[in-house]
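The values are calculated or read from the model by the stated rules, or taken from the named source; none is laboratory data. Values in this document were obtained by computation on a predicted structure and should not be read as measured data. Positions of Cβ are generated from backbone atoms using ideal geometry, with glycine treated the same way; all protein chains shown enter the neighbour counts.
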Amino acid sequence: MTVLRCTIAIASLIFMFGSTTNGLAQDATVPPSDQAPASGAAGRGVRILPPEPPAPNAIANEQHVQQAPAHAIVPAPVADPGKQAAVLPVLKSCDRPVRKPTLRFGDGVAFDQALKSKLRRGRTVVVDMDTPYAADREAPLPLGAWLNEVKQSGGTVSIAPYCQKGRGFGGFFANLFGGGPAQPYKAARRYDAVLHVDAVDQVVTQVEFAPRKAAR
């Protein structure tokens, strides 16, 4: 009796083991469509693909955008408000050689009388020109007549440029002086004359009558 029970138990175990093996084999052979549906996107038939690497052209374009071109304009640095800007030098006109002239030039008889009175004293007389005249032109009357008397009486009429080295002042004495009667201007016969010329503007600004040096 005991032997019969053991035989039945062993047979039952063999049957159960065989059924399990057959079930696993059937599951492996069943196509995916007959299997139980999976959960999530896989269960809906959606295929999840891994992200594709970026194309080489896209990477090159991104690098080109990020890197500034060689000809890019670099903004200028902002000036420091604490530092003062460089001040350009201002060109100033030169001062006239004689700060305190004897008299000012004027037209007419009044100037003749004033100059004659000054020259008779035998001292240096400086005439200041309110309106300078071109150095290569005749002196305005009546000043030109006085200069002509200096020249005609054996005196010298020279040019003294200032501001910078003079240029082109020679060879125009023939047209420099205005004519006039000699007798009224005889007070100039004891003088030499010096024309002070602004060499930058090429104009006569002052005329100096200096007592003539005695001949040796």
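Key figures
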read-out: From the options Gln164, Gln206, Gln183, residue that is polar (S, T, N, Q), surrounded by fewer than 16 Cβ atoms within 10 Å (Cβ to Cβ) and either more than 21 Å from Phe111 (Cβ to Cβ) or modelled with pLDDT of 90 or more (or both); value: Gln164
read-out: All positions within the stretch 143-154 that are surrounded by fewer than 18 Cβ atoms within 10 Å (Cβ to Cβ) and in contact with a helix residue (DSSP H, G or I) (Cβ under 7 Å, 6 or more places away or on another chain); value: Ser153
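Quick grid of which residues meet (1) surrounded by fewer than 18 Cβ atoms within 10 Å (Cβ to Cβ); (2) at pLDDT 95 or above; (3) on the phi < 0 side of the Ramachandran plot; (4) part of a helix (DSSP H, G or I):
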{"residue": "Phe111", "(1), (2), (3), (4)": "no, no, yes, yes"}
{"residue": "Asp130", "(1), (2), (3), (4)": "yes, no, yes, no"}
{"residue": "Arg137", "(1), (2), (3), (4)": "yes, no, yes, no"}
{"residue": "Leu141", "(1), (2), (3), (4)": "yes, no, yes, no"}
{"residue": "Gly171", "(1), (2), (3), (4)": "yes, no, no, no"}
{"residue": "Ala174", "(1), (2), (3), (4)": "yes, no, yes, yes"}
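Each row is one residue, and each column tells you yes or no for (1) among the hydroxyl-bearing types (Ser, Thr, Tyr); (2) in contact with a strand residue (DSSP E or B) (Cβ under 8 Å, 6 or more places away or on another chain); (3) closer than 22 Å to Arg212 by Cβ.
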| position | (1), (2), (3) |
| --- | --- |
| Cys94 | no, yes, no |
| Arg99 | no, no, no |
| Leu103 | no, yes, yes |
| Val109 | no, no, no |
| Asp112 | no, no, yes |
| Lys116 | no, no, yes |
| Leu119 | no, yes, yes |
| Val125 | no, yes, yes |
| Asp128 | no, yes, yes |
